[in-house]
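The values are calculated or read from the model by the stated rules, or taken from the named source; none is laboratory data. As the structure is a computational prediction, the values presented were derived from the model and not from experiment. Here the Cβ positions follow ideal geometry from the backbone for every residue, glycine too, while neighbour counts run over all protein chains shown. Accessible surface is based on the protein model in full, side chains and every heavy atom, while ligands, DNA and RNA are left aside. Shrake-Rupley method; radii C 1.70, N 1.55, O 1.52, S 1.80 Å.
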Amino acid sequence: MALAVALATDQDLSGPDGDVLLCLGEPGTLDVSQLQQQLNLQATGHQWWCQRSLSQRFVTVGTINQGTLSYSGETCGCLPTTVSRVNGQNEISPYELWFVHLMSPMNSDDASVLHTGVARELREAVDERERVRSNSATIAIGDFNMPPYSPGMTAPTTLNAAACKTAARGTRTVRAQKHNYFFNPMWEILGSRRSDQQPGSFYKRYDNSAIFWHLYDQVLVRPELVDSVVTGSARVMTTAGAFNLLTSQGGIDTRFSDHLPITISLAI
């Protein structure tokens, strides 16, 4: 709840009207009705709503007009929706927004095989939604359960997510087959630890790796939105209002979540 309130009151994130659309993955037994009631009591000036998905794996929370959202069921462990920007009664531009929570490789015999498989399924689902809706203004955000440099993120037949804006504007041809890119702006914060920035959104020490902070939570945008991404806006949040999301030792305070939230700004 603190995160939602913080987003609504920070005009750099929610704009002058406090527009919020937030998705909680794996919310467990969260009481959605109570959450909505508390938000409307504590974040006055906003009309909050909360909605649990059919699978119970996602809860969306927001202040934006629910009429501008068009859900069509979950697929590939994700919750896709079309978000329409409107001016009065006139639609300006729709965006295909995917809330992502891909399968964890924790108990998998081969993590790279799992990464590749689930990423390819997501890519195919995105391609199909773009084809059906004649709209390729796609944004995917959430827990991909793999780092930006995983083959599941970068291979041409998976998500084909580039770290470079220039590359992402074009297409990639492999064995005479063209593949559209995603742009992944989260690359710019890898290893960048500052007072206001974490080098990752998930902390775990694996026996076979020197990497402790992992950037599993990411944002991908299609080529037509590349120029809309505000340079330097990708951020792993360490506070939510007055609450510190880190422990005194610098790790993640799991009383809130085992992941840190991420934000990014698009000029759209």
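Here are Gly73, Gly67: which of them is among the small types (Gly, Ala, Ser), open to solvent by 30 Å² or more (accessible area, probe 1.4 Å), free of Cβ contacts under 8 Å to residues at least 40 places away in the same chain and not in a loop (DSSP other than H, G, I, E, B)?
Among Gly73, Gly67, only Gly67 is among the small types (Gly, Ala, Ser), open to solvent by 30 Å² or more (accessible area, probe 1.4 Å), free of Cβ contacts under 8 Å to residues at least 40 places away in the same chain and not in a loop (DSSP other than H, G, I, E, B).
Restrict the check to segment 10-18 and report whether at least one residue is at pLDDT below 85, over 28 Å from Val230 (Cα atoms) and touching a strand residue (DSSP E or B) at 6+ places or on another chain (Cβ under 9 Å).
Among the residues of segment 10-18, not one is at pLDDT below 85, over 28 Å from Val230 (Cα atoms) and touching a strand residue (DSSP E or B) at 6+ places or on another chain (Cβ under 9 Å), which makes the answer no.
Any chance you could count how many residues in segment 39-58 are outside any strand (DSSP E or B) and open to solvent by 70 Å² or more (accessible area, probe 1.4 Å)?
Residues flagged as outside any strand (DSSP E or B) and open to solvent by 70 Å² or more (accessible area, probe 1.4 Å) within segment 39-58 amount to 7.
Of all the residues that make up segment 132-159, how many are over 16 Å from the mean Cα position of the chain (by Cα) and either farther than 16 Å from Gly117 by Cα or hydrophobic (A, V, I, L, M, F, W, C) (or both)?
6
Going by the conditions given, is Pro27 in a loop (DSSP other than H, G, I, E, B), open to solvent by less than 50 Å² (accessible area, probe 1.4 Å), touching a residue at least 12 places away in the same chain (Cβ under 8 Å) and under 30 Å from Arg133 (Cα atoms)?
In short, yes.
Just to be sure before I move on: is Ile268 in contact with a helix residue (DSSP H, G or I) (Cβ under 6 Å, 6 or more places away or on another chain), in a loop (DSSP other than H, G, I, E, B) and on the phi < 0 side of the Ramachandran plot in the structure I sent?
yes
When you scan segment 144-248 for strands (runs of 3 or more DSSP E) that lie fully inside it, which ones turn up with 2 or more residues that are open to solvent by 40 Å² or more (accessible area, probe 1.4 Å) and farther than 21 Å from Ser104 by Cβ?
Correct list: 171-174, 177-180.
In segment 101-129, which residue that is without any contact (Cβ under 8 Å) to a residue 60 or more places away in the chain and under 23 Å from Leu266 (Cα atoms) is most open to solvent (accessible area, probe 1.4 Å)?
Step by step, filter segment 101-129, then rank; the result is Asp127.
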